[in-house]
Amino acid sequence: MRFVSIAVCLALVAVATAAEAGRKQKQPVSVWRNADNTGGADGAVGSARNSSDRNQYMHCALSGNVGGIWGYCEASDANNVFGACGTSSPSLIQIIGTIGTDSTVQFVWDANGNCTNVLVFNNSMSEPKKQP
């Protein structure tokens, strides 16, 4: 009887563990601005959307016309610190184009507001946006 009880407990633990398996992480939006006007921002799109405050967001967009394509990213953190940058760099535009609804994004800008670096993480750990 004791063996059956232990087996049942182990089975329940295994089921509970499987239901919560996989690493998950929230990554709220963080914006930093340096004295020389350079800065950066990072965070998960889902974490920004799911935040309890009304300030956090992460937004990147691509726009084009006959003159070319322009990429733009902006973010605001929980303290309402804002940062943004733009780029016409083909390599950065390609990276911005990979951002999805559950991506984690980091972008960095120079003193003129030009994007100098864009990182996009599409992985199973990023918090997805919750349904309203």
Self-check item: Residue among ASN112, ASN122 that is out of contact with any helix residue (DSSP H, G or I) (no Cβ under 8 Å at 6 or more places or on another chain), within 18 Å of ASN50 (Cα to Cα) and loosely packed, with under 15 Cβ neighbours inside 10 Å
Solution: ASN122
Quiz prompt | Selected residue (only one of ASP110, ASP102 is more than 17 Å from the chain's Cα centre (by Cα) and touching a residue at least 40 places away in the same chain (Cβ under 8 Å)) | solution = ASP110
Exercise. For SER76, state whether it is under 17 Å from GLY40 (Cα atoms) and modelled with pLDDT under 95.
Key: no
Practice problem: Collect the residues in the range 71-108 that are over 21 Å from VAL31 (Cβ atoms) and either of a type in the set (A, V, I, L, M, F, W, C) or buried (at least 18 other Cβ atoms within 10 Å of the Cβ) (or both), keeping them in residue-number order. | Solution: ILE93
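The values are calculated or read from the model by the stated rules, or taken from the named source; none is laboratory data. Quick caveat: nothing in here was measured; it's all calculated off a predicted structure. All Cβ positions, even for glycine, are placed from backbone atoms using ideal geometry, and neighbour counts span all protein chains on display.
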